[in-house]
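Q: Next up is a structure, given as structure tokens.
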Amino acid sequence: MQEARVRRKGQGPERTCIGCGKADVREHLVRVVVGPDGEVAFDLAGGTFGRGAHVHPSVSCVEKAASKGLSRSFGMAVRCDAASLCQLLVEAADRRIEGLLSSAARSGLVVIGFEAVDTALMREDLALAVVARDAGGCSSSRSIQKAVSEGRAVAWGTKALLASLVCRVEVSVLGIQSAKIGASVLMTCRAADGVRSVSEVR
Ligand SMILES: [Zn+2]
């Protein structure tokens with residue numbers, strides 16, 4: 001299959017979803033690649049060579065991709081059920097976010113801890129806040145809630161995982177100061193959240 005590359009006035013390049021069949025901007029879709037042996041993988045960083053297709057990170061589009069979209073697009077029998085496909089997407093997203101966060105930390109582009117994040121949010125000096133899913137109380141603070149509603153904060157990972165990525169003992173919340181990394185984390189996190197409930201039921 002040829003990856004659809006249509007450029008419309010005033011928008012970025014578009015791709016066609018192999019689930020619903022609709023064209024959409026690249027940022028709303030995730031890229032999926034199929035190896036010669038039929039192995040499916042998600043290419044969220046966009047660096048994997050080979051033939052690819054795109055799908056909306058939603059349960060209904062992933063289900064349609066699993067049932068026939070993948071096989072039709074790649075012209076071969078791709079055997080991957082919807083739950084496995086959701087699971088692969090969540091795992092790929094988690095790995096990508098881990099990589100993005102540790103690279104932001106290595107570049108000194110993170111602030112750590114509730115007070116530092118709160119201050120940076122108030123100064124509008126933060127691309128994205130990442131709150132551990134097991135953070136408890138601090139995630140319900142007004143500044144964090146407001147940031148979530150404005151798309152400037154996401155809930156992801158655990159305190160222990162965030163800590164390991166930035167070489168600390170325990171981290172409930174951290175902030176990303178790079179606009180580019182913040183945008184990638186937000187997009188990846190939303191893609192995973194679109195299918196996460198399904199992969200966790202499994
Ligand atoms: Zn779709």
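Q: At a threshold of 8 angstrom on Cα-Cα distance, excluding pairs fewer than six apart, so keeping six or more, what relative contact order does the chain reach in percent?
A: That works out to 21 percent.
Q: Give, in whole angstrom and from largest to smallest, the semi-axes √(5λ) of the equivalent ellipsoid of the stretch 26-125, with λ running over the eigenvalues of the Cα gyration tensor.
A: On the way: eigenvalues 243, 41, 24 Å².
Over the Cα atoms of the stretch 26-125, the ellipsoid semi-axes are 35, 14, 11 Å.
Q: Summing Lys, Arg as +1 and Asp, Glu as -1, what charge do residues with Cβ under 12 Å from the Cβ of Asp134 carry, Asp134 excluded?
A: +1
Q: Pick from Ala192, Ala116, Ala93: which residue has the top mean-square fluctuation in a GNM of the chain where Cα pairs under 10 Å get a spring?
A: With Cα springs under 10 Å in the chain, the top fluctuation among Ala192, Ala116, Ala93 is at Ala116.
Q: Quick one: which residues, 5 or more positions from Thr158 or on another chain, have an amide H under 5 Å from its amide H? H modelled 1.01 Å from N in the peptide plane, none for Pro or chain starts.
A: Arg133
Q: Based on the Cα gyration tensor of the stretch 94-192, what are the three equivalent ellipsoid semi-axes, each the root of five times an eigenvalue, rounded to whole Å and given largest first?
A: Result for the stretch 94-192: semi-axes of 17, 15, 13 Å.
Q: Helix hunt in the chain: which complete DSSP H runs extend at least 15 Å axially by C-alpha with mean Kyte-Doolittle at least -1.0?
A: Sorted by number, the helices that extend far enough and score high enough are 82-106, 179-201.
Q: Quick one: length gained pulling Glu124 to Arg26 fully straight, 0.36 nm per residue minus the C-alpha distance?
A: Length difference between fully extended and current span is 32.5 nm.
Q: Further, regarding this structure: With each label point set 7 Å from Cα along the Cα-Cβ vector, what nm distance links Thr48 and Ser107?
A: The answer from the label model is 2.4 nm.
Q: Between the stretch 152-185 and the stretch 77-116, what's the alpha-carbon centroid distance in Å?
A: About 10 Å separates the Cα centre of the stretch 152-185 from the one of the stretch 77-116.
Q: In addition: Per 10 Å bin, what percent of the C-alpha pairs of the chain does each bin hold, from zero upward?
A: 9, 33, 30, 21, 7, 0
Q: Rg and Dmax of the stretch 6-80, Cα atoms, in Å?
A: 12.1, 39
Q: Turning to a different aspect of this structure: Please state the relative contact order of the stretch 94-192 as a whole percent: Cα pairs under 8 Å, 6+ residues apart?
A: On the way: 158 pairs, mean separation 40.9, N = 99.
Once normalised by length, the contact order is 41 percent.
Q: Okay, next question. Fewest Cβ neighbours within 10 Å first, please rank Thr16, Thr48 accordingly.
A: Placing the least packed residue first, the sequence is Thr48, Thr16.
Q: About its Cα centre, how strong a charge dipole does the chain have in debye, to the nearest 20, once Lys and Arg get +1 and Asp and Glu get -1 at the Cβ?
A: Charge dipole of the chain: 680 debye, to the nearest 20.
Q: For the pair Arg168 and Arg133, what calculated FRET efficiency results from E = 1/(1 + (r/R0)^6), where r is the Cβ-Cβ distance and R0 = 22 Å, to the nearest 0.05?
A: E(calc), rounded to 0.05, equals 0.80.
Taken together, the values in this text are just the output of simple stated rules run on the coordinates, not laboratory data. Treat the numbers as computed from the prediction; the structure is a model and nothing was measured. Positions of Cβ are generated from backbone atoms using ideal geometry, with glycine treated the same way; all protein chains shown enter the neighbour counts.
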